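Data block below; observations after.
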Amino acid sequence: PDLGATIAATVAVATANPAARLGTIDLTIDNADVGRLLEDATFAQDRPLDRVAGTVSLNAHAEGPLNDWKRARASAEVAALTLRARDMVLTLARPARVTVAEGVARVERADLEVAGARISMEGALALDATASARMTSDDVLRVSADGRVPDMVNAAIAAGLVDLERLSGDVEIGRAHV
């Protein structure tokens, strides 16, 4: 109740065969305090999420064999999300859906608004090496941003979410106007 969450679980143990033991979990979170949900989490091992506040509402469902959770299937419908870190506010522009099956997470278009820009995500992301080997070149997680990238980066830095000394890597830009 403190988190605004309810959980309903069903465990079917109708046989002595461990492979046939199945579980189902339904989770509803209504306007839960994100700070409370993330109290023990970290961005990186030494970066606490204590700067992040906000609320989330979602419904999730998972089912699968109890002895092999990697074969489970799960889905989540995020109805609302608002995150704040100092002066930066990120909101979910419309409900988003994520599914996980066979080691692959699939995002059905998720649109976020932050720092006067819109960030959209859709596609697939392998969660393990086995799933990655099965994926095709069409199975990618596409992220696009419509807005001023410097404004987004500056907002993330000001919010303390990006440490420029630790930021590295390659960026591939398809269509860009600078």
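Values as computed for the structure displayed
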| item | result |
| --- | --- |
| Some residue of the range 57-65 being touching a residue at least 12 places away in the same chain (Cβ under 8 Å), more than 18 Å from THR28 (Cβ to Cβ) and either of a type in the set (A, V, I, L, M, F, W, C) or surrounded by 15 or more Cβ atoms within 10 Å (Cβ to Cβ) (or both) | yes |
| Subset of the range 68-93 [more than 25 Å from THR130 (Cβ to Cβ), among the small types (Gly, Ala, Ser) and not in a strand (DSSP E or B)] | ALA93 |
| In the range 94-103, residue farthest from ALA133 (Cα to Cα) [restricted to those that are in contact (Cβ under 8 Å) with a residue 24 or more places away in the chain and open to solvent by 40 Å² or more (accessible area, probe 1.4 Å)] | VAL100 |
| Pair list, Cβ < 8 Å and 6+ apart or interchain, from the range 81-92 residues that are open to solvent by 50 Å² or more (accessible area, probe 1.4 Å) to residues that are modelled with pLDDT of 90 or more and β-branched (Val, Ile, Thr) | VAL89/THR82 |
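Okay, residues lined up against (1) within 30 Å of ALA93 (Cα to Cα); (2) polar (S, T, N, Q); (3) at pLDDT below 85:
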| site | (1), (2), (3) |
| --- | --- |
| LEU3 | yes, no, yes |
| ALA14 | no, no, yes |
| THR28 | yes, yes, no |
| GLY35 | yes, no, yes |
| LEU38 | yes, no, yes |
| ASP50 | yes, no, yes |
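The values are calculated or read from the model by the stated rules, or taken from the named source; none is laboratory data. Small disclaimer: the values here were computed from a predicted structure and weren't measured. Cβ: placed from backbone, ideal geometry, glycine included. Neighbour counts: every protein chain shown. What goes into the accessible areas is simple: the full protein's heavy atoms, side chains included, and nothing from ligands, DNA or RNA. Shrake-Rupley method; radii C 1.70, N 1.55, O 1.52, S 1.80 Å.
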